[in-house]
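The values are calculated or read from the model by the stated rules, or taken from the named source; none is laboratory data. Just so it is clear, the structure is predicted and the values come from calculations on it, not from any experiment. Cβ placement follows ideal geometry from the backbone for every residue including glycine, while neighbour counts extend to all protein chains displayed. Just the protein is used for accessible areas: all its heavy atoms, side chains included, with ligands, DNA and RNA removed. Shrake-Rupley method; radii C 1.70, N 1.55, O 1.52, S 1.80 Å.
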Amino acid sequence: MLIAPRVFGDDRGFFSETYRRSRFAELGIPEEMVQDNHSRSARGIVRGMHFQIGDGAAKLVRCGRGAIFDVVVDLRRGSPTYAQWEGFELTDENMHVVYCPIGFAHGFCVLSDVADVIYKQSNYYAGETERGISYRDPEVGIEWPLAAGELQPSERDATAPTLSEIAAELPFEHSA
C-alpha cells in the first residue's frame, strides 16, 4: 500500500506528520510498530529482498533523503498475487510511505547520489529469523530502474536463493 501523507509547506520549509497510529489503523494497517530503523546508502546500492519468518515483521518505509525505488514481493502461498512484485519511487520530496505487510519480501535500490531510508517494524529485528530471496530472481522479474551492472548488493544479497528454491519452507499463507 502506498500512503501519501499531508505535507504543509511554506517559504520556511515543511511539516508533515509521518506516523499516527489511529490514522494508519483507519487505513487498514493493524500492526503496532515497535522498532525504527535508518539506513544510508549511495547510488546503485540494492538492499533486499528481505523478510522475517516466525511472527514476521510488517514495515512502513519512507525515504527521508534522496530517492529510492522501493519493492515488495508477495510470498503468501495461495495468494492471487503470489511471486508478483510492485515498486514505488519514494523521495524526500514526495514523502510517500510504503506499507509492506507480513508475508512480503522488501527491498530497494538507491536512485540518488545518497539516500536515507527510515522504516518502522511491527516486530523486533531478529537475525535468526531474517531471510531473503534474490533481488534478481528471473521468475519474480523485478524491473529495477537501474541497469544490472549499476546495482551493488551485499554479499548476502548477491547469493540469496530464488523464491522457487525456498518456497516450500515459507510459513506465509494467503487468507481470504
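Odds and ends about this structure:
- Whenever a residue of region 56-82 is over 17 Å from GLN121 (Cβ atoms), its partners that are surrounded by fewer than 19 Cβ atoms within 10 Å (Cβ to Cβ) and of a type in the set (Lys, Arg), lying with C-beta atoms within less than 8 angstrom and at least six residues away or across chains, give the pairs ARG65/ARG40.
- From VAL117, VAL46, residue being part of a strand (DSSP E or B), of a type outside the set (S, T, N, Q) and closer than 24 Å to ILE166 by Cβ: VAL46
- Within region 43-65, the set of residues being within 28 Å of GLU143 (Cβ to Cβ) and open to solvent by 50 Å² or more (accessible area, probe 1.4 Å) comprises ARG43, ARG47, ARG62, ARG65.
- Residues located in region 126-136, provided they are surrounded by 12 or more Cβ atoms within 10 Å (Cβ to Cβ) and either touching a residue at least 40 places away in the same chain (Cβ under 8 Å) or not in a loop (DSSP other than H, G, I, E, B) (or both): ALA126, THR129, GLU130, ARG131, GLY132, ILE133, SER134, TYR135
- Among the residues examined, GLN35 qualifies as open to solvent by 30 Å² or more (accessible area, probe 1.4 Å) and not aliphatic (A, V, I, L, M).
- Selection count, region 139-176, where residues are farther than 15 Å from GLY103 by Cβ, acidic (Asp, Glu) and part of a strand (DSSP E or B): 0
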